[in-house]
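Here's the structure, in structure tokens; my notes come after.
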Amino acid sequence: MSLSRRQFLASAAASASAAAVMSQVVQISSVNAQSVPNIAGFGDTLTKIDETRPWEKYTDRKIRVGLVGYGLCKFSTQFGLQNHPNVEIVAVSDLIPERCQALARDARCAKTYPSLEEMLKDDSIEAIYLATDAPSHSQQAIATLKRGKHVAVAVPAIFWTLDDAQELYDTVKNSGLVYTMFETTAYRDSCYQMRQLYKAGAFGRMIYTEGEYYHFNLESLDSFRKWRDGMPPMLYPTHSNGFYCCVTGGSFTEVSCMGMPSIQARFQPENNVYKNPFGTEVALFRTSEGGMARMAVSWDTPHYEGEKGRCRGDYGTHENVWQAVGLGSERSKNLNLLKPALPPGVEPGGHGGSHGYLGHDFVDSILRNRKPLVDVKMALDLTVAGIVAHQSAMKDGELMKIPQFEAF
């Protein structure tokens, strides 16, 4: 069954230097005071920061930002935009009035709009963060860009089909504006370390990588129009795929994926709009540099949760945080693997201390007129591979090609 977005909406350390810097500050930052449900990763806030590399203010400019969406995850205020010294939150919106008022209170913003469509008419707003339902992300981002506004969006970039992928890519490319997706894996300490090592050539060729996103909920999580109910795991693949794409900047070129039927009722095909039977999907990908990657997403693992990954290269391996073997070469021994400090008031936040870094990267990209880390190419590379992987699983693991997007 082919279900488009519109139909869906209608139907419902590595080295001696690393060892030295480990003595630096270990910062544990709290998630927002608002109560959030048991979302894998939210409570994971431990991160190591190099306080000898403080943030340095270089402009007094404040970007006028709008926040949209305040549902299950309260994501609009989880990334520190309301506390950033170069941001002014000038308007907020949620379709549900009570949520809109809560967002206005927590973002310390008096101006509200009943919808994104109304907010887009406000020409004083320069940038918008979309923390909305996943099926709406791509078209809402496209609409925002076409109104001349920078945009950040929660994961994933597109949903269910590949219909919007090329349009989103072309819109960003033609706009000259900043587009970023807040993929939390990108700034987990482990992934950050892996990326610095890879960029320095410490891995050599990346032979094999693994990524895992395990998130068990016995009961359905509340979601706008029930979009989470029965969702195929590989429609939400970015937290696992990030352990390759966010490390190397590469993509997946082909996939064979297997699915395992769930014992949970909402994952029976007759009980969800996706006709999806799987609670777990495991994909074997070919990577753009010729290596391999195994990526897993599961809703059926009650005693093992979170986002984890590991990388194996010609010269060594890295697993999770500060577990590096064989990477003590000239390429890696002088690397600082700690993240730099954030602006005052911006906390690292949840998902391994990634939230504040993603929010700051968005702001800094606009101010410096540069590409963000998770730009549209990386966002699509992270997302599209999962959609094709699910298609493969529905065909009993058939090997399938994955669309590719060029950097610009």
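The values are calculated or read from the model by the stated rules, or taken from the named source; none is laboratory data. Remember, it's a predicted structure, so these values are computed and weren't measured experimentally. Quick reminder, even Gly has a Cβ in these numbers, built from the backbone with ideal geometry, and neighbours come from all protein chains shown. For accessibility, only protein heavy atoms count, side chains too; no ligands or nucleic acids. Shrake-Rupley method; radii C 1.70, N 1.55, O 1.52, S 1.80 Å.
Which residues in the stretch 283-310 have a backbone N closer than 18 Å to a point placed 7 Å from the Cα of residue 399 along the Cα-to-Cβ line?
283-295
By what distance, in whole Å, do the Cα atoms of the stretch 213-326 stretch along each of the three principal axes, largest value first?
Between the extreme Cα coordinates on each principal axis of the stretch 213-326 lie 48, 29, 24 Å.
With every atom except the alpha carbons ignored, what do you get for Rg and Dmax of the chain, in angstroms?
20.3, 58
5 Å is the cut-off here: which amide hydrogens, built 1.01 Å from N in the peptide plane, fall below it relative to residue 181, excluding neighbours closer than 5 in sequence?
So residue 181 has HN proximity to 153, 374.
Let me understand the stretch 64-180 better: what is its radius of gyration from the alpha carbons, and its Dmax, in angstrom?
Every Cα atom of the stretch 64-180 included, Rg and Dmax give 13.3, 38 Å.
Using θ = phi - 60° and the Karplus form 6.51 cos²θ - 1.76 cosθ + 1.60, what ³J(HN,Hα) does each residue of the stretch 277-287 get, whole Hz, x for Gly and Pro?
Per residue, the Karplus-derived 3J(HN,Hα) values read x, 9, x, 9, 9, 10, 10, 10, 10, 8, 9 Hz.
Of all the Cα-Cα pairs you can form in the stretch 264-363, what percent are over 23 Å apart?
Across the stretch 264-363, Cα pairs with separations above 23 Å total 56 percent.
Among the DSSP beta bridges whose two residues both lie in the chain, what percent are antiparallel, rounded to the nearest 5?
Restricted to the chain, the bridges split so that about 55 percent are antiparallel.
Give me a comma-separated list of calculated 3J(HN,Hα) values for the stretch 351-363, in order, Karplus coefficients 6.51, -1.76, 1.60 applied at θ = phi - 60°, integers in Hz, x for any Gly or Pro.
Values per residue, Gly and Pro as x: 6, x, x, 9, 4, x, 5, 5, x, 5, 4, 4, 4 Hz.
Could you state the number of Å between the C-alpha centres of the stretch 71-94 and the stretch 374-397?
29 Å
How large, in percent, is the carbon and sulfur part of the accessible surface of the chain at a probe radius of 1.4 Å?
After summing per-atom areas, the C and S share lands at 52 percent.
For the chain, what does -39500 (n - 2.57) per DSSP helix run (n ≥ 4), summed and divided by total residues, give at 222 nm, in deg cm²/dmol to the nearest 500?
About -7500 deg cm²/dmol.
Which whole-number value in Å² is the accessible area per residue of the chain, probe 1.4 Å?
Here the residues of the chain average 39 Å² of exposed surface.
So what is log10(I(q)/I(0)) for the stretch 343-408 at q = 0.29 1/Å, when the Debye sum runs over its Cα atoms only?
Log-scaled intensity ratios, in q order: -1.16.
Show me the ranking of peptides 110-117, 84-91 by mean Cβ neighbours inside 10 Å, starting with the highest.
So the peptides 110-117, 84-91, ranked by packing, come out 84-91, 110-117.
Quick one: which of 199/377; 199/371; 173/339; 74/377; 57/173; 339/377 span more than 20 angstrom between C-alpha atoms?
Beyond 20 Å between Cα atoms: 173/339; 74/377; 57/173; 339/377.
Stretch residue 268-residue 334 to full length: gain in nm at 0.36 nm per residue minus the Cα-Cα span?
Separation in residues times 0.36 nm, less the Cα-Cα distance, equals 18.5 nm.
Using 1/(1 + (r/R0)^6) with R0 = 41 angstrom and r between the beta carbons of residue 59 and residue 167, what's the FRET efficiency to the nearest 0.05?
After rounding, the FRET efficiency stands at 0.80.
At a Förster distance of 60 Å, what's the computed FRET efficiency of residue 323 paired with residue 111, Cβ-Cβ distance as r, to 0.05?
It comes out at approximately 0.80.
Can you give me the C-alpha center-to-center distance between the stretch 98-114 and the stretch 201-249, rounded to a whole angstrom?
The stretch 98-114 and the stretch 201-249 have Cα centres spaced 31 Å from each other.
What number results when the radius of gyration of the stretch 140-249, computed over Cα atoms, is divided by 2.2 N^0.38 Å?
Compared with the compact-globule rule of thumb, the stretch 140-249 sits at 1.25.
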